[in-house]
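Colleague: Here it is, the structure, as structure tokens.
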Amino acid sequence: MARLSASFARFVTLWVVAVHLVLLPALYFGVGYVIRKSHQELFVQHARTFARVLADEFEVGAALDSQAKTSDLLDLAIIHGEALHAEVVIGDHSIRSDLGSPDIKVVSRTDFGFEQGDDQVYFVVLPIQRPGRSAELRVGFDERPTQARIQLALNRMLLLLAAYLGTAIAVAAYLSNRLSRPIRRLQDVSRSIASGDYAQALQVSTGVRELHDLATDLEAMRRELVGVNDHLRREILEKEISEGRRDELQKQLRHRQRLETVGTLAGGIAHEFNNVLVPIILFTEAAMQDLPRDSASRGDLERVMASARRARNVVHKILTFSHVLGDTALAPTDLRSVVSESITLFSALAPPSIEIRSEIDAEVPLVRADTTLAGDVIVNLCTNAYQAMQGQNGVLTVGLKNSPPHVELWVTDTGNGMDQSTVDRIFEPFFTTRPVGQGTGLGLAVVHGIVESFGAAIAVETRPGAGTTFRILFPAIKDGPTIKDDGRAEGTAPSN
Amino acid sequence: MKSLAAAAFLVLLLGRAAPAIAGEELVLIVSAHSDVDQLDSPLVRRLFLGLTVTQHGTRLRPVLNEADPKIKDLFLQNIVSMSDSTYDRYVLRLTLLQGRTQPPVYKSSAVLVNAVAADPTVVGYVWAKDVARDVRVKVLRVVWHD
């Protein structure tokens, strides 16, 4: 795997530098070779041509016949031909231009090119043949100006290449940075998305088509991902809600099944027990009628009768809980009056340590219920609340409010509350937290049975030390009249 | 006595070798049967630059000697007086623009001498030592000497 140590901009810049470090020296030496050869070519061409013209002048013209003319011609070679040395050798003596360099002592006859030898002088030696006499032209050309021009050209080229290299690096750095900016933007947004922030859009401002297309494709992928993610989240949430609801329903079902089982069992026993009680009560009444009023046995029979009646009340409560009383005659009922009457009744019985409050809405729809049983429900709940407060000071609140599509009845106490294990069993018949002999454990069971028979629902909210609230939701009669404070009904007649 | 003999032998040896180096000459030659006795420098240059040169009604034809690099250097400097690349461009221009054929090139001086000897219109250049005793050719002028 390649090392990931360089950014895109640095990578491109380093590559540009590396490529130029290879190419520019090659270019320098290549162009330098051409420059050098061109200057040398021009120099040699000039020297040879100029020397030839001068030699032809001596050979064809009359300059050689006069030492002064020869000397003048040689001076012209120095002046116009950029020669460093000009000399004509005729026999044993030579004529040399005084304008030439006095340092030149030896003329090389085998100097055929630029920079041959160590003297930096290029010599051209040409024989001059005239009828009857021979001579020799020796011209030396200074190589240093050409060398300087070559060096100057090379230096300029070096400067040019250095400037080019700097410009290339700057342009490469600028372009790579400009190219990498949208890539970095894509990278940042991609990291944000990867870390769970799907809100950022993958949008970059770039004129590069490939980068623009890449950003567009990634944005499409992000939107798809966001859609899928939302869909999954909704499904998970719905599943959690569904599972929670299912668990709650299963719990309620199990509770209901247990209550039904207990109710069926208790109802069966109560029914049989009632069958036993009926002849006891009938024959006891018959026997009492047959006895004289002052009979000693009459008191005993009256005690039997009282016990039998108490037993019948218990049986009645059990049958109420287990719905074996037959179809209750339900009718549109004004719970406001039921609540008020029940509070009045309970207030008479409640100890002064209990403060009884009522919170009743001004307008409450009718509900389908039985007035007597509804009153039993309220009294039972109030009794339970009173017992929860265990004779201490407390507040008992009975409330009734319109909570469409229901009518909500609640009873709240400031007692000790209950734990969850107690709450799970409070509607079971004969379940009580009071000492043996102080309660039948049928109060809340009867309440539950009555509420069920009304098609209503009951719930309890409690916490140890924080009191208890029982809430009963009665289905309000649709389009039914609403009962106001003055007891006057408004609206249409009940439809169900 | 022995040292004197050794010195004499060394001088003899150097004396034999010295003319071959110090006396080197490049000469212009034509056939011994040619009517041409003299060619001045401008004519020689014109001839080897491909221009028409006639002597006694006869058109002369040049041949090039490339037997060794030094001969070519001397040809460029002392006969045509051009740089290498300038001469090449010149010949190429003559060939392409004027349709003239390039002079024959000989890689051997002996072969060139034979060609010159066989044709009175041909002019060539060789080392003087290569034609020192050759009566078939005659030397027109010394182009270069050491």
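Colleague: Beyond 32 Å, how much of the Cα-Cα pair distribution for chain A remains, as a whole percent?
Modeller: Distances greater than 32 Å cover 71 percent of the Cα pairs.
Colleague: For labels at A:ALA162 and A:PHE29 in the simple 7 Å Cα→Cβ model, what's the distance in nm?
Modeller: 2.0
Colleague: While we're here: In degrees between 0 and 90, to the nearest 10, how far off the longest principal axis of chain A does helix A:8-60 point, with axes built from Cα atoms?
Modeller: With both axes taken from Cα atoms, the answer is about 10 degrees.
Colleague: Let me ask something else. Give the relative contact order (percent, whole number) for the range A:170-302; include only Cα pairs under 8 Å separated by 6+ residues. If you can, show how the numbers build up before the last one.
Modeller: On the way: 44 pairs, mean separation 15.7, N = 133.
The normalised contact order for the range A:170-302 reaches 12 percent.
Colleague: Next question, about the same structure. Which one of B:LEU74, A:ALA362, A:ALA77 is farthest out on the positive end of the charge dipole of the protein assembly as shown, using unit charges on Cβ (Lys, Arg +1; Asp, Glu -1) and the Cα centre as origin?
Modeller: Going by the Cα projections, it comes out as B:LEU74.
Colleague: Work out how far the C-alpha atoms of the range A:254-412 reach from end to end along every principal axis, then list the three figures in whole Å, largest first.
Modeller: 58, 39, 29
Colleague: Still on this structure, please answer the following. Using the scaling law 2.2 N^0.38 Å as the reference, what is the normalised Cα Rg of the range A:328-490?
Modeller: Against the empirical 2.2 N^0.38 Å value, I get 1.02 for the range A:328-490.
Colleague: May I ask you to compute the full-extension gain from A:ASP294 to A:PHE431, defined as 0.36 nm times their residue separation minus their alpha-carbon distance, rounded to one decimal in nm?
Modeller: Fully extending the segment from A:ASP294 to A:PHE431 adds 45.0 nm.
Colleague: So what is the relative contact order of chain A, in percent, for Cα pairs below 8 Å that sit 6 or more residues apart?
Modeller: Numbers: 652 pairs, mean separation 46.4, N = 496.
Here the relative contact order equals 9 percent.
Colleague: Return the FRET efficiency for the residue pair A:GLN200, A:VAL60: r is the Cβ-Cβ distance, R0 is 56 Å, and the value is rounded to the nearest 0.05. Display every interim value, and only then the final one.
Modeller: Numbers: r = 93 Å, r/R0 = 1.67.
Rounded to the nearest 0.05, the efficiency is 0.05.
Colleague: Another question about this same structure. A 31 angstrom limit on the alpha carbon distance is what I want to check against. Which of A:LYS37/B:LYS70; A:LYS239/A:LYS478; A:LYS37/B:LYS107; A:LYS239/A:LYS401 exceed it? Let's see the in-between values first.
Modeller: Working: A:LYS37/B:LYS70 20 Å; A:LYS239/A:LYS478 33 Å; A:LYS37/B:LYS107 27 Å; A:LYS239/A:LYS401 34 Å.
Check vs 31 Å cut-off fails for A:LYS239/A:LYS478; A:LYS239/A:LYS401.
Colleague: Per residue of the protein assembly as shown, what 222 nm ellipticity follows from adding -39500 (n - 2.57) for every DSSP H run with n ≥ 4, rounded to the nearest 500?
Modeller: On the way: 14 runs with 334 residues, N = 642.
It comes out at -18500 deg cm²/dmol, rounded to the nearest 500.
Colleague: Also: Efficiency by 1/(1 + (r/R0)^6): what FRET value for A:SER403 and A:VAL228, r their Cβ-Cβ distance, R0 = 45 Å, to the nearest 0.05? Show your work: numbers first, answer last.
Modeller: Numbers: r = 40 Å, r/R0 = 0.90.
Given R0 = 45 Å and the Cβ-Cβ separation, E is 0.65.
Colleague: Using DSSP to call loops (not H, G, I, E or B), can you name the trypsin sites (Lys or Arg not before Pro) in the range A:57-157 whose Cβ has at most 16 other Cβ atoms within 10 angstrom? Can you show the working numbers first?
Modeller: On the way: sites: A:LYS69, A:ARG96, A:LYS105, A:ARG109, A:ARG133, A:ARG138, A:ARG149, A:ARG156; in loops: A:LYS105, A:ARG109.
When the trypsin sites (Lys or Arg not before Pro) of the range A:57-157 are filtered for loop state and at most 16 Cβ neighbours within 10 Å, A:LYS105, A:ARG109 remain.
Colleague: Give the angle, between 0 and 90 degrees and rounded to the nearest 10, that separates the Cα long axis of helix A:144-194 from the longest principal axis of the Cα atoms of chain A.
Modeller: Once rounded, the angle reads 10 degrees.
Colleague: Translational D (Stokes-Einstein, µm²/s) of the range B:45-146 at 10 °C and 1.306 mPa s when Rh comes from the Kirkwood sum over C-alpha pairs?
Modeller: Working: Rh = 14.3 Å.
Calculated translational D: 111 µm²/s.
Colleague: Work out the charge dipole of the protein assembly as shown with +1 on the Cβ of Lys and Arg and -1 on the Cβ of Asp and Glu about the Cα centre, then indicate which of A:PHE273, B:VAL137, B:TYR87 is farthest towards its positive end.
Modeller: My answer, from the dipole projection, is B:VAL137.
Colleague: Right, next: When all alpha-carbon pairs of the range A:1-117 are counted, what percent fall beyond 17 Å?
Modeller: It works out to 70 percent of all Cα pairs.
Colleague: Which distance in nm do the two modelled labels at A:GLU115 and A:ARG245 give, with both placed 7 Å along the Cα-to-Cβ direction?
Modeller: About 9.7 nm separates the two model spin labels.
Colleague: Contact order normalised by length for the range A:8-166, with contacts defined as Cα pairs under 8 Å and 6 or more residues apart; what percent is it? List each step's numbers first, then the result.
Modeller: Numbers: 184 pairs, mean separation 38.3, N = 159.
Relative contact order comes out at 24 percent.
Colleague: Something else: Between 0 and 90 degrees, rounded to the nearest ten: what's the tilt of helix A:67-80 against the longest Cα principal axis of chain A?
Modeller: Roughly 0 degrees, rounded to the nearest 10.
Colleague: I've got another one for you. Which percent of Cα-Cα pairs in the range A:211-309 sits in each 5 Å bin, short to long?
Modeller: 3, 10, 9, 8, 6, 6, 5, 6, 5, 5, 5, 4, 4, 4, 4, 3, 3, 3, 3, 2, 2, 1, 1, 0
Colleague: Also: Compute the distance in nm between two label points, each set 7 Å from the Cα along the Cα-to-Cβ direction, one at A:VAL22 and one at A:SER94.
Modeller: 5.5
Colleague: Here is a follow-up. Okay, which of the range A:87-126 sit inside 18 Å, backbone N to the point 7 Å along the Cα-Cβ direction of A:GLN151?
Modeller: Of the residues in the range A:87-126, A:114-122 have backbone N under 18 Å from the label point off A:GLN151.
Read the figures in this text as sums done on the coordinates, not as results from a lab. None of these values were measured; they are calculated from a predicted model. Note that we place each Cβ from the backbone using ideal geometry, even for glycine, and neighbour counts take in every protein chain shown.
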